[in-house]
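One structure below.
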């Protein structure tokens, strides 16, 4: 294999980060986020990316339990924050 | 005394972490010229690692004024195998270990013929060329102290002689860099150089061959037999296989340890030949001649720990250690480092809980004397540290017939070299004590460090199980 699992993971994370930033900019034009929407969405998005990085890395190192725990500890709060940020942004409009 | 500065020996590791972890690194790799990128990486490194790893000018743990160098007679193997102490229980442990190791296999997974054969193969090189070095015996096989010169016209198909011409390095840093590069080429994973310190050398040495041959008057000898005045000690750490150590306490774990004993025998000997061919005197050592742990701490390879082993930044306690004494001293010496491991040990205690022989202390704070009850002649007293009951530990070896390793396997610092573990290490070091309890619980919850788990043996033998570091 040319690329290792970790290399593919971080390349993918780069793409996802770029997509997330594009999405934030696009929706900001439509919804005009306030300070708290920005903070909540960026925190949620960062946590979601970290969750993916952690969980995939744990699978690569062969510790599936750490991967599952990563989804619970980082994944659930990230979903909550992203949903909350979305709600705040829509409500404001 | 204490001075914060960047520790160069670990810079590469942290830089790798930053390269992997920093968002936008991929973009930088394409757009920023390589020199500018290197400068940027160094700056980030200084900002973060400089606060994270401290260096000390002196030995980082308190040593009492009345500290005496440890006697070779007062190590647990000398008591168990060579009768230097009258206690019957330690001799019984020695007999049990001798009977079970290699020769006696069971049906039980991890102690069956497959595991014993694996263990025997791992130890074979060490046991063939430096048989009792692992038990702290000096001058075994190729670890002999003899320093010979090549005679004019003599053909010797070996390199174990001192060159008449002494190579001169341009400066001390170049000397240190070349020696470390040579050690890494031969197979060492971490290398450090420190001053020879008589506190950490054995006070005297035992000669089991004299005991076996009935020459009791020659059974103990001193430093007068050492062929030169050592000035520097080059220390090396060798990473043991993660999945092998995870099988503790079995013969597969023993094989992971034995493999590195064989490796360190080879590398220490090769490095001693390198120094001899540069024109300097050198003696390769494993566990013999001096205490490896304080020497490697002094050379900045890691910190002490509750279990008594070295904890390195990169591999945790999952290392074996070797050293080379030399009279070469035109070299840049390393300094001791601190990255929070000993602080973490105060709250963690996972090794103490995992130890099947209950040999590891549960004390909150390090002490100058052992706090367990009973005989303690096998501890080097007078250093502020955690004291492990080596007799109980060795009793467990006798029960299993192999060197347990549960303490290393359970340690939260024992992780494969992955970015998320290094991140957790950094966060842990930056946090105060109470947070360490939480980190320890999280380590358990995330599924790390359990011992005596037969599934880990299946995983060790599974060819698909070895995918660490993205390889």
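Quick note: the coordinates plus some simple rules give every number you see, no bench work behind them. Predicted, not measured: the structure shown is a model, and the values here were computed from it. FYI the Cβ positions are ideal-geometry reconstructions off the backbone, even for glycines, and counts take in every protein chain you see.
Rank-order B:445-451, B:355-361, B:172-178 by packing density, defined as the average count of other C-beta atoms within 10 Å over each peptide's residues, highest first. Write out the running numbers ahead of the final one.
On the way: B:445-451: 18.6, B:355-361: 21.3, B:172-178: 15.9.
The most tightly packed comes first, giving B:355-361, B:445-451, B:172-178.
Please arrange B:140, B:441, A:7, B:373 by counting, for each residue, the other beta carbons lying within 10 Å of its beta carbon, fewest first.
Details: B:140 23, B:441 10, A:7 14, B:373 7.
Placing the least packed residue first, the sequence is B:373, B:441, A:7, B:140.
If you fit an axis through the alpha-carbon atoms of helix A:76-92 and take the longest principal axis of the Cα set of chain A, what angle between them do you get, 0 to 90°, nearest 10?
For A:76-92 against chain A, the angle is about 20 degrees.
When you look at the Cβ of every residue in A:62-73, what mean number of other chain Cβ atoms sits within 10 Å?
Numbers: counts 10, 6, 1, 5, 8, 2, 2, 4, 2, 0, 1, 3.
Whole-number average of other-chain Cβ neighbours for A:62-73 is 4.
From other protein chains only, count the Cβ atoms within 10 Å of every residue's Cβ in A:42-55, then give the mean. All intermediate terms of the calculation are to be shown ahead of the outcome.
Working: counts 0, 0, 0, 0, 1, 0, 0, 1, 2, 0, 0, 5, 5, 1.
Mean partner shielding for this stretch: 1.
Please figure out what share of the DSSP beta bridges in the protein assembly as shown is antiparallel and state it in percent, rounded to the nearest 5. Intermediate results must be reported in sequence, preceding the final value.
Numbers: 30 of 31 bridges.
Roughly 95 percent of the beta bridges in the protein assembly as shown run antiparallel, per DSSP.
Taking R0 as 56 Å, what FRET efficiency do you get between residue B:452 and residue A:32 from their Cβ-Cβ distance, rounded to the nearest 0.05?
Details: r = 59 Å, r/R0 = 1.06.
The calculated FRET efficiency here is 0.40.
Taking every pair of alpha-carbon atoms in segment B:385-450, what share in percent sits in each 10 Å bin, from 0 to the bin with the longest distance?
So the P(r) values, bin by bin, are 18, 39, 28, 15, 0.
Take the alpha carbon gyration tensor of segment B:190-340, find the square roots of its eigenvalues, order them as a ≥ b ≥ c, and report rounded if a/c is under 1.5; if not, report prolate when a/b exceeds b/c, else oblate.
Values: a/c = 1.73, a/b = 1.20, b/c = 1.44.
Cα axes put segment B:190-340 in the oblate bin.
With a/c under 1.5 counting as rounded, go ahead and sort segment B:172-261 into rounded, prolate or oblate using the C-alpha gyration tensor (a ≥ b ≥ c being the square roots of the eigenvalues; past the cut-off, prolate if a/b is larger than b/c, else oblate).
In terms of gyration-tensor shape, oblate.
P(r) for segment B:56-470, please, calculated from all Cα pair distances in 20 Å bins and given in %.
26, 60, 14, 0
Starting from the coordinates of the alpha-carbon atoms of segment A:5-92, obtain the Kirkwood hydrodynamic radius over all distinct pairs and give the value in Å to one decimal.
Numbers: mean 1/r = 0.0731 Å⁻¹.
The answer is 13.7 Å.
May I ask you to order B:264-273, B:425-434, B:204-213, B:407-416 by the average number of other C-beta atoms within 10 Å around their residues, highest value first? Let's see the in-between values first.
Numbers: B:264-273: 24.0, B:425-434: 14.8, B:204-213: 16.7, B:407-416: 26.2.
Ranking, from highest mean packing down: B:407-416, B:264-273, B:204-213, B:425-434.
Going by Cα centres, segment B:416-436 and segment B:91-106 are how many Å apart?
40 Å
Return B:289, B:396, A:17 ranked ascending by Cβ neighbour count within 10 Å, so the fewest neighbours appear first.
Numbers: B:289 27, B:396 20, A:17 17.
The fewest-first ordering by Cβ neighbours comes to A:17, B:396, B:289.
Can you give me the orientation-averaged projected area of the convex hull built on the Cα atoms of segment B:46-107, in nm²?
9.8 nm²
Rounded to two decimals, what ratio of Rg to Rh does the protein assembly as shown give with C-alpha atoms and a Kirkwood Rh? Before the final figure, lay out the partial values.
On the way: Rg = 26.1 Å, Rh = 25.8 Å.
Expressed as Rg/Rh, it is 1.01.
Order these by the 10 Å Cβ neighbour count, fewest first: B:350, B:196, B:203.
On the way: B:350 26, B:196 17, B:203 14.
Listing B:350, B:196, B:203 from fewest to most nearby Cβ atoms yields B:203, B:196, B:350.
Using only Cα atoms, tell me the angle between helix A:5-31 and the longest principal axis of chain A; keep it within 0 to 90° and round to the nearest 10.
10 degrees
DSSP beta bridges in segment B:56-470, what fraction antiparallel, as a percent rounded to 5? Numbers along the way, then the final one.
On the way: 26 of 27 bridges.
DSSP beta bridges in segment B:56-470 are roughly 95 percent antiparallel.
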